[in-house]
Each structure stands twice: as C-alpha cells, then as structure tokens.
1. For residues that are over 10 Å from the mean Cα position of the chain (by Cα) and in contact (Cβ under 8 Å) with a residue 24 or more places away in the chain, scanning just the stretch 164-173, find the one that is nearest to Tyr138 (Cα to Cα).
2. If I go through the stretch 182-207 residue by residue, how many of them are loosely packed, with under 14 Cβ neighbours inside 10 Å and modelled with pLDDT of 90 or more?
3. So which residues in the stretch 25-60 are part of a loop (DSSP other than H, G, I, E, B) and farther than 30 Å from Leu164 by Cα?
4. May I ask you to list the residues in the stretch 120-145 that are surrounded by fewer than 18 Cβ atoms within 10 Å (Cβ to Cβ) and in a helix (DSSP H, G or I)?
Amino acid sequence: MHFGDRQARLEILSEKHTINDIYVEKTFYHRHRDAFGNRVQEPYQKKVKREVQVVTGLLRFGHYLLDAVIIGVVASFASVVLPSTVILSFPHVEFNGQIIWPDLTLMFITVVYYFACEAGMQTTIGKLATGTVVINQYAEKPENASLVGRSFSRLVPFEAFSCLADRGWHDKWSNTYVVKKEEHEKLKRLLAEQQGVFISDSVDLLD
C-alpha cells in the first residue's frame with residue numbers, strides 16, 4: 001500500500017460519522033417503452049440516505065405508562081416509609097392540615113428514576129419490556145450530561161404526548177434516539193462499514 005493510500009485510509013477512519021450520515025445502495029427502476037411499445041423497467045443502483053428506524057407512536061406511550069406506574073409506586077412507598085419530619089423537609093402543600101405529597105418530590109423521583117435507568121442500563125423498565133434502548137448520534141450510550149437534560153425535559157407539561165410523533169421533545173433536545181436493539185446493532189455495523197471497517201454478518205443490512 002502506498003503511503004498516500006494509507007494516509008487517506010487513516011483520515012477516513014479518524015472521521016466519526018453519525019447515524020444520520022449513513023448511506024446505503026438501493027435499487028430503482030427506469031420505466032420506458034421498448035422498440036415494440038412494451039413497458040420495460042431497467043434497474044439501477046443509487047446511494048440514498050438511510051433513515052434511523054426510531055420507535056414511535058403507541059409503543060413509546062406504552063413505555064411512558066409502564067414507567068409512570070413504577071414511579072407512582074416508588075412515590076407512594078416513600079410517602080408511607082418516610083417519617084413526617086423528612087416529608088416536611090421537602091417543599092410540600094398542606095390542605096386542611098393534611099400534608100399533600102409534594103409535587104417537587106415526585107418530580108425529583110421522576111428525574112432520578114429515568115437518569116439512573118438510562119445511565120445504568122441504557123433503557124428503562126418500560127423500554128426493557130419491548131426491547132428498546134437509548135442511543136446518541138453515534139449509536140453509542142449517551143453521555144451523562146445528555147441523559148440529565150433528557151430526564152429533566154420530561155417535566156415539561158404534556159411532553160409525553162410528543163412521543164406519539166417521530167421523536168419526543170426530550171429525544172430532540174438531548175440529541176438522543178430510542179430504537180429497537182436490533183436497529184441498534186444494525187446501526188453500529190453500518191457505521192463501522194461506513195468508516196471502512198467491514199463486519200461480516202449474515203443479516204441483510206438493507207432490510
């Protein structure tokens with residue numbers, strides 16, 4: 001290998017592509033009539049940008065409901081187990097002399113739950129049930145700073161309903177993605193091949 005070729009290859013490998021930079025070859029067809037007037041199709045190959053197959057819609061909302069139930073159980077358990085002196089140390093609301101479980105404490109439990117799960121397991125219990133994980137733009141585990149922002153973003157009113165679209169607000173604001181484990185593995189292989197590292201696999205990457 002010439003020095004110039006080796007240097008060029010090293011430069012390619014040093015570039016870090018994102019999952020939005022992946023291009024794959026697709027087959028398209030030119031449609032026309034032949035000399036006899038018959039309609040024919042001529043196949044041709046073209047590189048097109050591959051869209052990340054994120055988890056959307058009702059599945060995401062299902063994750064939210066499962067995780068909300070767990071957070072509610074933890075909050076209820078804490079309200080029973082913690083002494084009243086500890087509860088009073090949190091910001092709280094009283095009505096007719098009765099302590100109402102403080103909203104700020106519930107927010108704290110929500111943020112801690114999501115951050116602890118996604119930082120430790122790259123998923124939550126709700127997502128675990130459907131085999132999905134959280135990744136960043138390099139198909140890697142997100143940085144803790146991104147996960148902190150992602151967790152706090154969930155406190156925005158009606159934010160959960162944004163997940164019924166392609167990506168939730170907390171995904172976009174933290175530059176993260178929720179994908180199936182199979183899609184995660186596929187993205188890692190495609191990124192490696194994009195960088196010039198071929199990983200043999202029997203799975204058809206263009207499915």
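1. Here the residue is Trp173.
2. Residues in the stretch 182-207 being loosely packed, with under 14 Cβ neighbours inside 10 Å and modelled with pLDDT of 90 or more: 1 in total.
3. Here is the first cut: in the stretch 25-60, the ones part of a loop (DSSP other than H, G, I, E, B) are 34-38, 50-53, 55-57.
Result: Asp34, Ala35, Phe36, Gly37, Asn38.
4. Gly120, Met121, Ile125, Leu128, Asn144, Ala145
The values are calculated or read from the model by the stated rules, or taken from the named source; none is laboratory data. The model shown is predicted, which means the values in this text are computed figures rather than measured ones. Reconstructed Cβ throughout: ideal geometry from the backbone, glycine too, with neighbour counts over all protein chains shown.
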